[in-house]
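Please read the structure below before turning to the comments.
Throughout, read-outs are computed from the coordinates displayed, never taken from laboratory work. Note that the coordinates shown come from a computational prediction; the quantities given were computed from them, not determined experimentally. Neighbour counts run over all protein chains shown; Cβ positions are idealised from the backbone, glycine included.
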Amino acid sequence: MAMEITQFLLAAQSADAKVRTEAEASLRQFQEQNMPVFLHSLSLELSNDEKPVESRRLAGIVLKNSLDAKDAIRKEQLVQQWMAIDVSIKSQIKDFLLKTLGSSVPEARHTSSQVIAKIASIEIPRKQWPELIGSLLNNMTQQDRPAFLKQATLETLGYVCEEISHEDLVQDEVNAVLTAVVQGMNLADHGPEVRLAATKALYNALEFAQTNFENEMERNYIMKVVCDTAMSEEVEIRQAAFECLVAIASAYYEVLEPYMQTLFQLTSNAVKGDEETVALQAIEFWSSICDEEIELQEFESPESGDSGPPHSCFIEKALSSLVPLLLETLLKQEEDQDQDDTIWNISMAGGTCLGLVSRTVGDAIVPLVMPFVESNIVKPDWRCREAATYAFGSILEGPTVDKLSPLVQAGLEFLLNAMKDGNNHVKDTTAWTLSRIFELLHSPATGFSVISPENLKRVLVVLLESIKDAPNVAEKVCGAIYYLVQGYEDAGPSSSLLTPYLTDIISCLIAASDRTDGGDSKLRSSAYETLNEVVRCSNISETSSIIAQLLPVIMNKLGQTMEIQIVSSDDREKQGDLQASLCGVLQVIIQKLSSTDETKPIILQAADQIMLLFLKVFGCRSSTVHEEAMLAIGALAYATGSQFEKYMPEFYKYLEMGLQNFEEYQVCGITVGVVGDICRALDDKILPYCDGIMGLLLKDLASSELHRSVKPPIFSCFGDIALAIGEHFEKYVPYALPMMQGAAEICAKIETADDEMMDYGNQLRRSIFEAYSGILQGFKSVKPDVMLPYAQHLLKFIELVSRDSQRDESVTKAAVAVMGDLADALGSNIKLMLKECAFCDEFLGECLQSDDEQLKETAGWTQGMIRRVMVL
Amino acid sequence: MADDSPASHRRDPIKSSVGNVAAQRRRQNAVTVGKERRESLVRAKRLCRVGATGDGDVPVEENDMITDEEVSLLDAQTSSAVGELKSAVAYQGKGAMQKRVNALRELRRLLSKSEFPPVEAALKAGAIPLLVQCLSFGSPDEQLLEAAWCLTNIAAGKPEETKALLPALPLLIAHLGEKSSLPVAEQCAWALGNVSGEGEELRNVLLSQGALPPLARMMLPNKGSTVRTAAWALSNLIKGPDPKAATELIKVDGVLDAILRHLRKADEELATEVAWVVVYLSALSNFATGVLVKSDVLQLLVERLATSNSLQLLIPVLRSLGNLVAGDSHTTSTVLVPGHEITDGVIKVLVKCLKSDHRVLKKEASWVLSNIAAGSIEHKQLIYSSEAVPLLLRLLSTAPFDIRREVAYVLGNLCVAPTAGEGKPNLIEEHLVSLVQRGCLSGFIDLVRSADIEAARLGLQFTELVLRGMPNGDGPKLVEQEDGIDAMERYQFHENEDLRNMANGLVDKYFGEDYGVDE
């Protein structure tokens, strides 16, 4: 029954676009004609050692993509599609896959193991592939099986563990899997390939080992094997073992006590002498311990008596050895590390870990670090001076202000002088340290700052001088200015302190942004973002004229970008980056000036020209620009209100383009948000554009290509549109409501074990409620009956959400509000339905008890609405 | 799925460049701003409405009754909330804005908490000057909104409490302007509506401070809730008794158009408030009435009456219609001409109202009909031959007194022809005979017995018609059968001379010595 697809799979990878497109079309056609046969053929292709590697690899990838997708809605479709296939065909496909694990071709084995895991993720929770674990384990226990089969089997086990939840297996199976994996790590029995695969598999299986980690004997055994493996001869295996230790530090923090001695030795040796990849993992182990303890401390509230998981104070206990170990790493800088932001090396990781340790233990770190700082900061070797400064900068968060401020007061002048150090790295780190000082110890709004009105001038003179230094230093100086001005936000009279310097600061930042000596756009974007912060935090009543003068300067610069000669794609990218930064500045200026009645006219007068510029930017077509110009347009729409109508005819096509941008989903998401801004600005004047917009939004929702993060904003946007156009939303109801209902059903199925998914689930639920709220409020007292057929489903959804104890506060708020909207809009029509909702009272009761004033208020309102319905 | 590279853990370095973080934060901030605006928009829609229509239709729950202890607790909380606000207003540091908004919100919450808001406590603690300060120009919207909201609730208090708002009025009026955000303007309008509802004195203050033009302009756009609130406030503001404000309002550019547009298109809630504006315009100002009747307003009112079933809406619409009919002869002489489609429409909707279960509608509809029935012969014939008459007859015998009186006017008017000069009105015998035959006389005799002078006069007048006008001299007999003599004799020594003379005259004339001789 299988069809011959090799040639298509090969052609689909052809360099010739025409051949490729045709082949892809044929494959798609096969898929649409007969999915089961197509999947069967793919698995056969993958398992057949006589086929070319290339076609087998693509067969595996297509197979995998037929089983899983990033988007939850699409994924659900694929799962349903797979489950609908005839059992006998599925069983043949699975047999082919398992057989492929024994193939001599490594790529085929690897792909097959991934596909098996995808099928397992569908079938194991449904108990439809009970024999999988047994047959995999069989590969491990049979003595005569080749090593590469065992290696592929372990890899498969690891992937399967990653895909499924340990609750899907019975404990015996979990035990057997762990035993197989841990035995695979055994030095005596296996070669390096198998041991590496086993160690990686263990990494994925660690979450399965909860029961085993509760049992001391088993725990001891697993820990011993992992620690032994961490001393393997092969560096790759050592690294994998340390990765396991990092994962164990997070997952099993509370049982680590007995092993800490050993683990300290192990990690300490690795940090001091092992290869960098291993040493980095060893440092990461301690960073992870810090993460755990910081989290415990954050949750530790003195008033709540119940003791959460125990805090073992590992960092505090190891402090006197750990800090010197980390300080040593700071001296291992690379020669040109400051040029690259993405650098990750021993000294970076060490400093980062030191920062975490500081946040964990607070004051206790200061006496351990200061001698290192004091002795190294004056040494002739730049590495010593840089490390000392870096150490000082790293510990500024954690210790108390009382502890730090004398040190910072005493050291500030030194640091300001060090901005003239002979070494670039030292200046770089010094500027960074200054930015940390301003970020953490400079808050005039709350009444404390290490910067006095007297030394502010000196600080600014140094900063504005150093911003002319090498690009990397200048970039860090921008950071320092950024946090310095941020301190004056909302600072009342002290914010005036900055006003006299504002013109100088702005011109230095613009000069920095104009520099061409930086290798990349990093300095420019930092300079502009800092400029944004300067504008945002300035005291508007004193600085409006300065900002008003800045507006034409930035507009002019944006206008000039249109004249950049575009020869290469590189030029285009540069133009795009620059436009992005300038649109960002305009966004902030628009926001600032439109925030007061006195300054808003400045924006309104320039609105036509600003809009013209944005339209030109769109004309240059680069996605990042698109995004920033969109955001800025959102701000402009808010400023102009219904006047924005006149721009719509021109702007609309870009709005369409943005909503269709599936690939750059951030652009799409931001455009969706701007649609909301425009709805609020135009109100029912948006009506003529709604057919088009709604059409695209519905298409976006239905698309499996579009990143899922855009979908919640789309639902919220339905609400925005409905609020703006009221009863005219009626014609979209037959399309929008089924989408909302469908999404509500997906919410019910979202896995709660996965934090990220849960977060997404919360966003989705909240946005669905927002859509309902907008629509109900829009129809209220005009055509509420339109919503009557959907009331029951909505109530069920609210009930489901109200029963979920994990729900986010914002979801609760939206749910209780929509309940009120329902009663408000539909009135006595839903009296009976509400009467049958036993959960309402309970849910309202819970909300009325809340500490959140806004929630209480909304719940009170909803209660009133429901009572009104009940007495009508 | 794990790719070929190991899942090597990679965290962000502590030493990072500011550009990326800052850009991220800025973009996030832009997105958050949108979310906040959405929230405040929906919130305004939800919460502001409760009070706008909430005077009557939110039932007072039993458990809303609060005890003395609760009152004193609420008072104490209110005083301390005002104290909080005082320190928040004085505070200038980081998050000052948020602090002020929080304090305002708390105060507003307390002021909205019960049926008896702790207004007195708030005033005593010195809330007004603080709230005025919070209304200063350039303040963020949220602050303005909360402050105006507090003032709204205070203005809803007792008369002397409402007067405490005097220092706040100029700023509340100022924030009505086009530069304000809609929720702020709306909330201020609401507060001013409460103030003008208080009485003539405060209305005059508001008018002299120029509250009318900006409120009027708020009626122009199509923003549902804003227009609704503005209309409500305006209807309070022009309540008179001086007609000047009503005249001024109709003269504001675009107001007439807006009224017509909203009556034509708006949802019922909004139409209701707009109809109330029309009620006061037409009740107070002859000028306004003159302008209105020359517009499409009658047609629109009729359409609303025909299509709506909302009592809240029907009442002001019906009353407006009545005012326009009663207030300007142009209405009946030129617009509601028998034979015009609109005239049939009017009769039809009035019939609908007469059929309704609501006493007010029946009464108002009868009143409108009585004004139409006072028109030309053709008008009378039109009503006479309509479905209204049987309904009116039934009402005359069964309805409560106030409706009966209005009904009697209609029926009475149907029986007399328009008169040019003084003297007894000419009869329309056909109508009179038919109505009497259908049993209306007992209803009128009932009115004769009424203590209400006007009703009694009406009863006597109709009795006179019957006595004089029934053919074959059947009148006296009919009156006697309905115990009319007894009813009239009660006036023998009545203090109202006019009625006394009228009744005695009738008795003397028709039931004098000669009466009964024929038999």
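General remarks:
- Under 26 Å from the Cα of A:Lys317 - lysines, other chains or at least 8 residues apart: A:Lys224, A:Lys272, A:Lys332, A:Lys403
- For the peptide A:347-353, the mean number of other protein chain Cβ atoms found within 10 angstrom of a residue's Cβ is 3.
- Alpha-carbon centroids, the range A:470-527 and the range B:327-348: separation in whole Å: 75
- Residue-span extension gain [A:Val53 to A:Asp755] - 0.36 nm each, minus C-alpha spacing: 249.0 nm
- 26 Å Cα-Cα threshold exceeded, pairs from A:Lys200/A:Lys711; B:Lys35/B:Lys265; B:Lys244/B:Lys294; B:Lys251/B:Lys380; A:Lys51/A:Lys127; A:Lys616/A:Lys685: A:Lys200/A:Lys711; B:Lys35/B:Lys265; B:Lys251/B:Lys380; A:Lys51/A:Lys127
- Per-residue HN-Hα couplings for the range A:431-445 [Karplus 6.51, -1.76, 1.60; θ = phi - 60°; Hz; x = Gly/Pro]: 4, 5, 5, 4, 5, 5, 4, 5, 5, 9, 10, 9, 9, x, 4
- Shielding by partners - mean other protein chain Cβ count within 10 Å, residues of A:234-242: 1
- With the simple spin-label model, which puts each label point 7 Å out from Cα in the Cβ direction, the A:Gln77 to A:Gln7 separation comes to 3.1 nm.
- Under 17 Å from the A:Lys127 label point (7 Å along Cα→beta-carbon), backbone N, the range A:84-116: none
- A simple count of charges around A:Pro444, restricted to other residues whose Cβ falls under 10 Å of its Cβ and scoring Lys, Arg +1 and Asp, Glu -1, yields -1.
- Put a dot 7 Å past the Cα of A:Glu656, heading toward its Cβ, do the same for B:Lys158, and the two dots end up 6.5 nm apart.
- In range of the label at A:Val87: residues from the range A:121-149 whose backbone nitrogen is under 17 Å from the point 7 Å along Cα→Cβ: A:123-132
- Label-point separation in nm, B:Asn504 to B:Glu200, each point 7 Å along Cα→Cβ: 3.9
- Trypsin sites (Lys or Arg not before Pro) restricted to DSSP loop in the range A:98-128 with at most 13 other C-beta within 10 Å: A:Arg126, A:Lys127
- B:Phe493/A:Met870 FRET efficiency (R0 60 Å; Cβ-Cβ; nearest 0.05): 0.60
- Two-site FRET efficiency, B:Arg359 against A:His793, from Cβ-Cβ distance with R₀ of 60 Å, rounded to 0.05: 0.90
- For B:20-28, mean number of other protein chain Cβ atoms within 10 Å: 6
- Extension gain, A:Glu24 back to A:Gln409 (0.36 nm per residue minus Cα-Cα distance, nm): 131.9 nm
- Helix B:18-52 vs. chain B, principal-axis angle (Cα, 0 to 90°, nearest 10): 20
- A:Asn417/A:Ser507 FRET efficiency (R0 41 Å; Cβ-Cβ; nearest 0.05): 0.95
- Note that the range A:255-271 has calculated 3J(HN,Hα) couplings of 10, 7, 2, x, 9, 5, 4, 4, 5, 5, 4, 4, 5, 4, 4, 5, 4 Hz, one per residue in order, obtained from phi through the Karplus relation 6.51 cos²θ - 1.76 cosθ + 1.60 (θ = phi - 60°); glycine and proline are x.
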